[in-house]
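Nothing in this text is a laboratory measurement; each read-out follows from the coordinates by a stated rule. Small disclaimer: the values here were computed from a predicted structure and weren't measured. Using ideal geometry, Cβ is built from the backbone for each residue, glycine included, and neighbour counts are taken over all protein chains shown.
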Amino acid sequence: MKRIGFLGPLGTVSHESALFFCHGEDLEFVPYKLVADIFAALAQGELELGVIPIENTIEGSVRLHVDALVQDDSLPIQAEWTYPSVQNLVGHAVELQASDGSGPDFSKVTKIVSFEVAVAQCRRFLDEHLPGVELENVNSTALGVKYVQEHPGQGLVAVGTKLAASMYGLDLLAENITDHYNNYTRFVLVGRESIPLKPSKDWKTTLLVTLPEDFPGALHQVLSAFAWRRINLTKIESRPTKLKLGSYYFYIDIEGSLESVLLPAAMAEIEALGCQVRILGSYPSYPFEANNMEVQS
């Protein structure tokens, strides 16, 4: 049975996303506290694959995770997919029931227990329906849901996923309360092994390019190698090499696979300039399809 690590604990968006994309009878999902722990487990052979959140619509690149991905050159990217970061108001419906039976009475809520980032993403709903309610921060949305489940009768609610609510036997008091309906996270599947994937017409290749020192205009020439071949770059980001001050590499996502004619030629041209080019992966890309949103549990 192949083991897939994800950013835990159970019931997080990463867990929900992993179950949505990687489902099968021969897979075991293992939660980890930190993404660095996932990479360590992969390096030690405790995992075959890892699920890494790498970019968010609202927050942009998760730089710590990008750096961790770059540091280990033996774990290629196997696939990428996007998944919505949908948060819900979760709690005990019975204890918050309105006297007329119409639904939850939010005036009975005494405290919101959740991860501060998730609370910030739901500020509009919370300000309208739960103004002035005390907030208690915990390390993840799933921990908040678990805390509410363990402390009934106190008027507590949490902000969390449908998966967490189902796992801990709580009710959805209000669904999809996030401020931005286009709040998506891009995940990558990394590891030395692979799992069967459905066909995709979309492919990406991720390169790490380090420019030669004392070469004026080197970045312009690198970009020109892609531009005149009409190769589309979906992302380019500079990050420090951590070798010395002022030394950077460029993390580049490209539309297309290494099976094309143009991309290998562009890479050869870039290397001829004296650049170091490292392939982090050439892999299928899966955009989110709302009509297929059914988490496997």
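Numerical summary
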{"read-out": "Using θ = phi - 60° and Karplus 6.51 cos²θ - 1.76 cosθ + 1.60, couplings along segment 92-108 (whole Hz; Gly, Pro as x)", "value": "8, 4, 4, 6, 10, 5, 5, 5, 8, x, 7, x, x, 9, 5, 5, 7"}
{"read-out": "Ordering of 192-198, 33-39 by burial proxy (mean other Cβ atoms within 10 Å per residue, highest first)", "value": "33-39, 192-198"}
{"read-out": "Long-range amide H partners of Asn56 with built H, under 5 Å", "value": "Ser61, Val62, Arg186"}
{"read-out": "Cα pair distances exceeding 22 angstrom across segment 88-174, given as percent", "value": "14 percent"}
{"read-out": "Placed amide H near Lys2: partners under 5 Å, 5+ positions off or other chain", "value": "Glu28"}
{"read-out": "Residue with peak Gaussian network fluctuation, the chain [Cα springs, cutoff 10 Å], from Val86, Val133, Val188", "value": "Val133"}
{"read-out": "Pair Val277, Asp26: separation of 7 Å Cα→Cβ label points (nm)", "value": "3.6 nm"}
{"read-out": "Most fluctuating residue given options Asp100, Asp72, Asp171, as computed from a GNM of the chain linking Cα atoms under 10 Å", "value": "Asp100"}
{"read-out": "Phi-based couplings in Hz for segment 45-53 (Karplus 6.51, -1.76, 1.60; Gly and Pro marked x)", "value": "x, 6, 10, 8, 9, x, 9, 10, x"}
{"read-out": "Gaussian network model of the chain, springs between alpha carbon atoms under 10 Å - residue of Ala118, Ala265, Ala79 with greatest fluctuation", "value": "Ala265"}
{"read-out": "Sequence of Met267, Met1 once ranked by neighbouring C-beta atoms within 10 Å, starting from the fewest", "value": "Met1, Met267"}
{"read-out": "DSSP bridge pairs, segment 88-174: antiparallel proportion in percent, nearest 5", "value": "55 percent"}
{"read-out": "Sequence-separation-based contact order of the chain, relative, with Cα cut under 8 Å and 6+ spacing, percent", "value": "23 percent"}
{"read-out": "Protection proxy ranking, peptides 175-183, 279-287, average beta carbon neighbours within 10 Å, highest first", "value": "279-287, 175-183"}
{"read-out": "Helix 262-272 axis, angle to the chain major axis (alpha carbon atoms, nearest 10°)", "value": "60 degrees"}
{"read-out": "Qualifying chymotrypsin sites (Phe, Trp or Tyr not before Pro) in segment 207-297, DSSP loop, other Cβ atoms within 10 Å at most 13", "value": "Trp228"}
{"read-out": "Options Leu163, His23, Leu273, ranked by Cα towards positive dipole end of the chain, top entry (Cβ charges)", "value": "Leu273"}
{"read-out": "Leading residue at positive end of dipole, segment 88-174 (Cβ point charges), from Gln97, Ile112, Ala142", "value": "Ala142"}
{"read-out": "Efficiency of FRET from Cβ geometry, Lys33 and Asp127, R₀ 35 Å, rounded to 0.05", "value": "0.65"}
